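Trainee: Can you read through this structure? Questions will come right after.
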Amino acid sequence: MAKLTKRQKAIAAKIEPGKAYSFTDAAALLAEISAVKFSESVDIAINLGVDPRKSDQVVRGATVLPNGTGKTVRVAVFTQGPGAEAALAAGADRVGMDDLAAEMKGGDLNYDVVIASPDAMRVVGQLGQVLGPRGLMPNPKVGTVTPDVATAVKNAKAGQVRFRTDKNGIIHSSVGKVGFDADKLKQNVEALLSDLKRLKPSTSKGIYVKRVTLSTTMGPGLLIDQGSLDA
């Protein structure tokens, strides 16, 4: 086994193995043990009581975090006519059709979110191999294929996170930054949990939200006492 660094030992000494922390205590501890020079993202892992092998138990959707993610989000929109004007007015970084598709095929993919109006899918459909592997392919299930592109842009800029259960039935998402006030982080997590519970598959039996773990990008995960969350 590799030896622990001095920093890793210091972190390990502050964490009680197996303890379920209140959300406020966990947020404070993550801030305390964050030693990197940049403001780390705070990430959440939520184990759901679903069988991800069954298509009717795949949980996916999007949540607008009330306090955002703390990240600057670059948004590209495929649309035309009045929709293009509305998207730009809402804050889109790039709006286009075939010209935008050509740029993306050429490797210009410096975007965090790609949105499309339904009439633009004839163009976007050609970009599956480019956008799909990067998780950027517009999808109506998460609100990125919509006639109301302006609202989709505003949501993305405001800190909307998209989620989907992985092969182990776990949802992973960023919920803010280490520098966020604990209450703001908590509100973000509660908004996400509320949407996850609303999307519970009817075929899911037993405990639905089985485990909630909070961590930073470079730090350890802390088990959260779900009783400390209002969701």
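No value in this document is a laboratory result; all are computed from the given coordinates. Bear in mind the structure is a predicted one, so any value in this text is a computation, not a measurement. Virtual Cβ from ideal backbone geometry, glycine too; neighbours counted across all protein chains shown.
Trainee: What are the ³J(HN,Hα) couplings of the stretch 221-230, residue after residue, when phi is run through the Karplus curve with 6.51, -1.76, 1.60 and θ = phi - 60°? Round to Hz, x for glycine and proline.
Mentor: x, 10, 5, 9, 6, 5, x, 8, 10, 9
Trainee: Then there's this: Along Cα→Cβ, 7 Å out, is where each label goes; now give me the distance between the ones at residue 151 and residue 110 in nm to one decimal.
Mentor: Taking the simple label geometry, residue 151 and residue 110 are separated by 3.2 nm.
Trainee: Per residue of the stretch 199-214, in order, report the coupling 6.51 cos²θ - 1.76 cosθ + 1.60 (Karplus, θ = phi - 60°) as ³J(HN,Hα) in whole Hz, putting x for Gly and Pro.
Mentor: Once rounded to whole Hz, the list reads 9, 4, x, 5, 8, 6, 10, x, 5, 8, 8, 8, 7, 10, 10, 10.
Trainee: Search the structure for amide H atoms under 5 Å from the amide H of residue 222, placed 1.01 Å from N in the peptide plane, and list their residues when 5 or more places away or on another chain.
Mentor: 214, 215
Trainee: Rounded, prolate or oblate for the stretch 75-158? Axes are the square roots of the Cα gyration tensor eigenvalues, ordered a ≥ b ≥ c, and the cut-off for rounded is a/c under 1.5.
Mentor: It comes out rounded by the Cα gyration axes.
Trainee: Using +1 on the beta carbon of Lys and Arg, -1 on that of Asp and Glu, and nothing else charged, what's the dipole of the chain about the Cα centre, debye to 20?
Mentor: Roughly 880 debye, rounded to the nearest 20.
Trainee: Using θ = phi - 60° and the Karplus curve 6.51 cos²θ - 1.76 cosθ + 1.60, what whole-Hz ³J(HN,Hα) does each residue of the stretch 46-60 get, with Gly and Pro shown as x?
Mentor: For the stretch 46-60, the Karplus curve yields 10, 7, 9, x, 10, 9, x, 6, 9, 4, 7, 10, 7, 9, 8 Hz.
Trainee: For the chain, set up a GNM with springs between Cα atoms under 10 Å and report which of 55, 34, 117 has the largest fluctuation.
Mentor: Judging by the Gaussian network model, the answer is 55.
Trainee: Here is a follow-up. A 30 angstrom limit on the alpha carbon distance is what I want to check against. Which of 154/186; 19/154; 54/184; 14/54; 19/157 exceed it?
Mentor: Where the Cα-Cα span goes over 30 Å, the pairs concerned are 19/154; 54/184; 14/54; 19/157.
Trainee: Now for a separate question. Amide H to amide H under 5 Å from residue 74: which residues, 5+ apart in sequence or cross-chain, H placed 1.01 Å off N in plane?
Mentor: Close amide H contacts, sequence-distant or interchain: 112, 113.
Trainee: Oh, and also: Given springs between every Cα pair under 10 Å in a Gaussian network model of the chain, which of 126, 57, 160 has the largest fluctuation?
Mentor: 126
Trainee: Also, quick follow-up: Note the full-extension length gain between residue 203 and residue 24 as 0.36 nm times their separation in residues minus their Cα-Cα distance, in nm to one decimal.
Mentor: Extra length from residue 203 to residue 24 when fully extended: 61.1 nm.
Trainee: To continue, here is another question. Amide H of residue 199 versus every other amide H placed in the peptide plane: which residues, excluding those fewer than 5 positions away on the same chain, fall under 5 Å?
Mentor: So residue 199 has HN proximity to no qualifying residue.
Trainee: I want to verify a result. In a Gaussian network model of the chain, Cα cutoff 10 Å, which of these has the top mean-square fluctuation: 115, 170, 207?
Mentor: Maximum among the listed residues: 207.
Trainee: Is the shape of the chain best called rounded, prolate or oblate, per the rule: a/c under 1.5 gives rounded, else a/b larger than b/c gives prolate, else oblate, with a ≥ b ≥ c the square roots of the Cα gyration tensor eigenvalues?
Mentor: Prolate shape, in that a/c is at least 1.5 and a/b is the bigger ratio.
Trainee: Please give the length that would be gained between residue 38 and residue 230 if that part of the chain were fully extended, namely 0.36 nm times their separation in residues minus their C-alpha to C-alpha distance (nm, one decimal).
Mentor: 66.1 nm
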